[in-house]
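The values are calculated or read from the model by the stated rules, or taken from the named source; none is laboratory data. These numbers come from a predicted model, not from an experiment. In this analysis, Cβ positions are derived from the backbone assuming ideal geometry, glycine residues included, and neighbour counts consider all displayed protein chains. Accessible surface is based on the protein model in full, side chains and every heavy atom, while ligands, DNA and RNA are left aside. Shrake-Rupley method; radii C 1.70, N 1.55, O 1.52, S 1.80 Å.
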Amino acid sequence: MVAIDVNEQSRPSVTWLSKLAGATGPLVGLLALCVFLSFSTDAFLSLRNGLNILDQITVLGIMAVGMTFVILIGGIDLSVGSVLALAMMVMGWTANIAGLPLVAGIAVALVASAISGLIVGLLVTLFRVPAFIATLAMMSAARGVANMITDGQQIVGFPDWFMMLAIDRHFGVLTATVFLMLAVVAVAWVFLHFRSEGRMLYAVGGNPEVARLAGINVQLVTIAVYVASAVLAGLAGIVLAARLDSVQPSSGFGYELDTIAAVVIGGTSLSGGSGGIGGTLIGVLIIGVLRNGLNLLNVSPFLQQVIIGIVIVLAVGAETIRRRRA
């Protein structure tokens with residue numbers, strides 16, 4: 001029998017120094033982008049615009065945390081946008097049509113999201129369905145259920161306190177939804193760096209067989225990660241509902257691509273085993289700042305998609321070159 005130190009194997013496969021180096025490129029890119037936009041438009045470099053950017057990235061930021069977990073274990077989740085819509089519709093139906101308190105609707109929505117993630121996790125682990133196919137199937141199924149709940153109709157009108165979560169700036173600075181995003185990011189960062197369960201994600205992504213020999217339940221970790229990703233997508237849907245004061249089954253369309261892009265731009269390897277929440281936050285900020293700046297410059301939304309696609313390619317290319325040189 002091979003003797004393996006579980007604690008050693010469950011550590012991230014990169015050192016703190018290399019983690020910092022991996023996030024340096026995206027950080028430099030973010031700073032350069034901010035400098036460029038500061039000279040390009042007078043409206044960019046202002047407190048009001050900065051707070052607007054934070055408000056705009058709350059949904060993406062929460063979803064990107066869950067996607068980081070998934071990609072760290074070498075997986076992929078294409079269903080997050082549809083799960084977001086499903087959670088929104090479940091919450092809206094429970095609160096506005098079934099007549100239950102909105103808090104109960106939020107709880108039911110998160111449970112529905114967790115069930116979606118559990119189904120994906122079981123498909124990937126027990127039935128050996130590739131993650132791409134399993135999450136693609138859930139993307140279609142969740143979107144279909146979201147439309148079935150109200151026959152494709154939106155639900156509008158929620159309590160004032162719910163809408164104010166995304167409007168009222170506490171201390172004159174941050175909304176409750178931004179505080180929620182920052183709390184999710186902080187908890188995820190602590191989990192990955194200071195909890196053995198977090199280090200297991202790096203071990204599974206680095207080499208699942210070695211992780212199994214080290215005593216890690218790879219199947220359980222995989223299922224838990226997909227459940228966490230789905231729950232965070234559902235939570236992001238609730239935040240989006242507060243921002244819009246409405247829910248509709250078409251919400252979240254294409255969000256999975258932005259979420260994956262943010263994680264990849266932040267330096268997390270698509271092959272798994274390396275990356276982190278800090279880089280993901282930078283990736284989210286890059287996408288948020290880029291979109292905000294392009295809007296201020298009156299760039300066509302169609303051209304914006306092209307530019308963001310180029311940024312993704314450059315980020316992946318830079319990561320590939322860095323890994324070859326390491």
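Among the residues making up segment 133-163, those that are among the aliphatic types (A, V, I, L, M) and closer than 15 Å to residue 91 by Cβ are 142, 145, 146, 149, 155, 156, 163. Against the criterion of being modelled with pLDDT under 90 and open to solvent by less than 50 Å² (accessible area, probe 1.4 Å), residue 18 qualifies. Step by step: first the residues of segment 252-269, then only those that are small (Gly, Ala, Ser) and surrounded by 24 or more Cβ atoms within 10 Å (Cβ to Cβ), then the one that is farthest from residue 154 (Cα to Cα). Which residue is that? Filtering first and then ranking leaves 267.
Going by what's in this entry, would residue 119 be described as under 27 Å from residue 198 (Cβ atoms), without any contact (Cβ under 8 Å) to a residue 60 or more places away in the chain, in contact with a helix residue (DSSP H, G or I) (Cβ under 7 Å, 6 or more places away or on another chain) and in a helix (DSSP H, G or I)? It is true that residue 119 is under 27 Å from residue 198 (Cβ atoms), without any contact (Cβ under 8 Å) to a residue 60 or more places away in the chain, in contact with a helix residue (DSSP H, G or I) (Cβ under 7 Å, 6 or more places away or on another chain) and in a helix (DSSP H, G or I).
Is it true that residue 173 is at pLDDT below 95, farther than 28 Å from residue 248 by Cβ, over 18 Å from the mean Cα position of the chain (by Cα) and among the aliphatic types (A, V, I, L, M)? When the stated conditions are applied, residue 173 passes them. Pairs are defined by a Cβ separation below 8 Å, a sequence spacing of at least 6 or placement on different chains, a first member in segment 178-190 that is among the aromatic types (Phe, Trp, Tyr), and a second member that is open to solvent by less than 20 Å² (accessible area, probe 1.4 Å); the pairs so defined are 189/276; 189/277. The set of residues in segment 193-252 that are farther than 29 Å from residue 145 by Cβ and among the polar types (S, T, N, Q) comprises 196, 207, 217. Scan segment 96-109 and tell me whether some residue there is touching a residue at least 24 places away in the same chain (Cβ under 8 Å) and of a type outside the set (A, V, I, L, M). Yes, because at least one residue in segment 96-109 is touching a residue at least 24 places away in the same chain (Cβ under 8 Å) and of a type outside the set (A, V, I, L, M). Of all residues in segment 141-159, those that are surrounded by fewer than 17 Cβ atoms within 10 Å (Cβ to Cβ) have Cβ atoms under 6 Å from Cβ atoms of residues that are of a type in the set (S, T, N, Q), 6 or more apart or on another chain, in 154/246; 154/248; 156/246. Inclusion of residue 69 among residues that are open to solvent by 50 Å² or more (accessible area, probe 1.4 Å), modelled with pLDDT of 90 or more and among the hydrophobic types (A, V, I, L, M, F, W, C) is not warranted.
Can you list the helices (runs of 4 or more DSSP H) lying wholly within segment 192-282 that have 2 or more residues being touching a Phe, Trp or Tyr at 6+ places or on another chain (Cβ under 8 Å)?
196-206, 218-244
Could you tell me which residue of segment 142-191 is farthest from residue 102 (Cα to Cα), considering only residues that are aromatic (Phe, Trp, Tyr) and part of a loop (DSSP other than H, G, I, E, B)?
My answer is 171.
Among the residues of segment 277-292, those identified as crowded, with 24+ Cβ neighbours inside 10 Å and of a type outside the set (A, V, I, L, M, F, W, C) are 279, 280, 283.
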